[in-house]
1. Among the residues of region 154-170, is any surrounded by 24 or more Cβ atoms within 10 Å (Cβ to Cβ) and assigned to a helix (DSSP H, G or I)?
2. Could you say whether any residue in region 97-116 is under 22 Å from Thr250 (Cβ atoms), of a type in the set (S, T, N, Q) and either within 13 Å of the ligand (Cβ to nearest atom) or outside any strand (DSSP E or B) (or both)?
3. Could you list, ordered by first residue, the pairs with Cβ atoms under 7 Å in which the first is in region 38-64 and closer than 16 Å to Ala5 by Cβ and in contact (Cβ under 8 Å) with a residue 24 or more places away in the chain and the second is assigned to a loop (DSSP other than H, G, I, E, B) and of a type in the set (A, V, I, L, M), at least 6 apart or interchain?
4. Which members of region 259-280 meet the condition of being of a type in the set (Asp, Glu) and at pLDDT below 95?
5. So which residues in region 194-224 are crowded, with 18+ Cβ neighbours inside 10 Å, touching a Gly at 6+ places or on another chain (Cβ under 9 Å) and not aliphatic (A, V, I, L, M), if there are any at all?
6. For region 1-11, which residues satisfy the criterion of being at pLDDT 95 or above and within 6 Å of the ligand (Cβ to nearest atom)?
7. Going through region 60-82 one residue at a time, which ones are within 15 Å of the ligand (Cβ to nearest atom), outside any helix (DSSP H, G or I) and charged (D, E, K, R)?
8. Would you tally the residues in region 320-339 being under 21 Å from the mean Cα position of the chain (by Cα) and in the same structural domain as Ala237 (by TED's automatic domain parsing)?
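The values are calculated or read from the model by the stated rules, or taken from the named source; none is laboratory data. All figures in this text were calculated on a predicted structure; none of them were measured in a lab. Heads up, the Cβs are rebuilt from the backbone with ideal geometry, glycines too, and the neighbour counts pull from every protein chain shown.
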Amino acid sequence: MKKYAIIGFGGLGKMHLSNMVKLEKERGDFKLAAICGTTLEEATKSVQINLGTVDLSGVDFSSCNFYQDYKEMINKEKLDFVLSVLPTYLHEEVAIYCLEHGVHVLSEKPMALTLESCERMLKAADKSGKELMIGQCLRFNPIFKKIKEYVDTECFGKVYRAEFTRLSQTPLWTWQNWILDPTQSGGCILDMHVHDVDLINWLFGLPNSLRSTLTERKVKQESVFTQYFYDDFFVTAQADWSMPQTFPFTARCRINFEHAVVTVEDNKLTVYEDRESYFPEISTESDLIEEERAFLELVIDKKTCDITSAQSVYNSVMLALTEVESAKQNKVIAIKKSK
Ligand SMILES: NC(=O)c1ccc[n+]([C@@H]2O[C@H](COP(=O)([O-])OP(=O)(O)OC[C@H]3O[C@@H](n4cnc5c(N)ncnc54)[C@H](O)[C@@H]3O)[C@@H](O)[C@H]2O)c1
């Protein structure tokens, strides 16, 4: 029986646990041994996050040990893997410590705040021989897997334009408000827009160059607009997390292929062709649970994961940081494609 722990038990840590409880029942070959960063009393409180309400009142914590110090936990518990669901400024330090102690890591997005941090994480994973998966969950979303199939097979012809939009209320729900400090979260670009950056990188590969504009009105780095230039098409993406608290979270995209236009709105995929439009049949499983399932297959079943790698997610961080630079320098920046 494999043993795992969750480090960081805020909104998303709780969401991960509620999925892992389902997967524990589904597979029966791993169990929760410990949680770091909370107490039993706090752990059972429901939370409301942008992905929905998490209610852990029915979870059995009787064989779970609680810690406040992750190093103590790693040294005491004989863990096979951890889910690191910490504020972004802690991703590097915790992933490296766990890898160096022989523990596989699923670390939340974004990979880290700087490319140097990402490089150190990649090196630690290489050296340890343990797995490091980064939770860029949209790659596991059944809708985007379908779109990836459309892009790769060219069943609707080639892509000639694409547009991505992501809008959120100002995020006021995190522990000590770390998310609103760009030195801790990377701001709207690395925290929220990185989902679209990662999709663009995954679906279309690295662009030749990009051009970004950033705005700051209520909070630092609150909105971004970027054009990504490819050989024979371009993509645009915008993100803004300065919306009023009543504004519904919005994520949508449109991809124009030669013979069809594909849209995603409210997590619903529509294909528009000249003669008809339709909703392809797609699994309604959440991206997060699909990501956790793939991680378990990677670390327990030793199956390879062809959807993501820490190296390809590194490129998404590189693109996001280039966007900040482009906005600062007010110019188009070429993308180095060596990684
Ligand atoms: N994939 C997604 O769609 C998605 C959605 C939300 C958040 N996230 C990512 O998940 C991570 C966590 O975000 P969140 O919204 O849960 O934040 P949060 O502030 O709600 O939770 C962070 C938790 O970490 C705990 N913590 C802080 N320092 C710690 C330490 N040294 N040891 C142990 N625990 C510590 C805090 O007490 C808090 O409970 C971030 O990297 C964020 O980008 C991803």
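1. no
2. The answer is no; no qualifying residue exists.
3. Ala43/Leu56
4. Within region 259-280, just Asp266 meets the criteria.
5. Correct list: Gln221, Glu222.
6. Residues satisfying the conditions are Ile7, Gly8, Phe9.
7. Scanning region 60-82 gives Asp69, Glu77.
8. 5
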